[in-house]
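Structure first, then comments.
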Amino acid sequence: MSDQWIFVNEILGGFLYFLSKVFLSYVGESDKKKIRIGWIVYLLGVPSWVIILWHYQSYIFCGTELAGGIVIFRGLISSFQEKKKTEFDSIDIGICVLVFLITLWHTVQTVGFESIVPYLEVIIAVGFPLGGYLRRKENIFCWYAFTAMHLAAMPILWEKGRMLLWTLQALSVFFALRGVKNMAEANE
């Protein structure tokens, strides 16, 4: 895969992902339109992230993007429902666990755990789908899960020399923390 193709995907996936964080962190819980825009913008960036991460053999991170995309798609669908769901959603958890186990197995078979990167990818693998799930449930802890995911992604992107994506992850930490503040104010 050419460096130009990876760079185009970095710009597209990175900025769409960042823009979705901006939308999702600045909206109140009653602003369903902006929440939906945030979900849609993110989903448009998922294919680019998958291409980038597969290229750099970050298989757990790549699988996490796929699983998280599914959870976020389900969040988008649920945003159109009038009644707020409060029950434990085993489908989302099952999807995340299945994708995590497959990518973990693939990583062990191909790359191994000889560096810190796979361990950071495990934090991402837990933080991202969990954050998406909790965001859909309007739980303030979603933003803490997103923060942990961004902080774990930053050293991986730094090691791969992807400074644009590293910068966007660093900025996303700010918006994740802003999401905590906004959700706390909305719940007062």
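Projecting the Cα atoms of S79, A152, L24 onto the dipole axis of the chain, where Lys and Arg carry +1 and Asp and Glu carry -1 at the beta carbon, places S79 farthest toward the positive end.
Would you calculate the convex hull of the Cα atoms in the chain and tell me its volume per residue in Å³? Write out the running numbers ahead of the final one.
On the way: hull volume 18.6 nm³, N = 188.
Spread over its residues, the Cα hull of the chain gives 99 Å³ apiece.
Here is the size of the stretch 23-82 from its Cα atoms: Rg then Dmax, 13.1, 41 Å. Helical runs assigned H by DSSP (4 residues or longer) give the chain a calculated mean residue ellipticity at 222 nm of -28000 deg cm²/dmol, each run adding -39500 (n - 2.57) before division by the residue total. To the nearest ten degrees, helix 59-79 and the longest principal axis of the Cα atoms of the chain are 20 degrees apart. Here the stretch 105-188 is described by how far its Cα atoms reach on the three principal axes: 48, 27, 14 Å, from widest to narrowest. Here the contact order of the chain, divided by its residue count and restricted to Cα pairs under 8 Å and six or more residues apart, works out to 25 percent. For the listed residue pairs K160/K181; K33/K160; K33/K181; K34/K181, the alpha carbons are over 26 angstrom apart in K160/K181; K33/K160.
Give the dimensionless ratio obtained when the Cα radius of gyration of the stretch 123-170 is divided by 2.2 N^0.38 Å.
Values: Rg = 11.5 Å, N = 48, 2.2 N^0.38 = 9.6 Å.
For the stretch 123-170, the normalised Cα radius of gyration is 1.20.
Show me the ranking of peptides 58-69, 173-184, 122-133, 37-48 by mean Cβ neighbours inside 10 Å, starting with the highest.
On the way: 58-69: 25.0, 173-184: 17.8, 122-133: 23.5, 37-48: 19.6.
Per-residue mean Cβ counts within 10 Å order the peptides as 58-69, 122-133, 37-48, 173-184.
Residue by residue, the stretch 122-137 carries 3J(HN,Hα) couplings of 5, 4, 5, 4, 8, x, 6, x, 5, x, x, 5, 5, 5, 5, 7 Hz when phi is fed to the Karplus relation 6.51 cos²θ - 1.76 cosθ + 1.60 (θ = phi - 60°); x denotes Gly or Pro. To the nearest ten degrees, helix 141-159 and the longest principal axis of the Cα atoms of the chain are 20 degrees apart. Where does helix 32-55 land angle-wise versus the long Cα axis of the chain, in degrees 0 to 90, nearest 10? Roughly 10 degrees between the two axes.
Taken together, the values in this text are just the output of simple stated rules run on the coordinates, not laboratory data. Values in this document were obtained by computation on a predicted structure and should not be read as measured data. All Cβ positions, glycine included, derive from the backbone under ideal geometry; neighbour counts span all protein chains shown.
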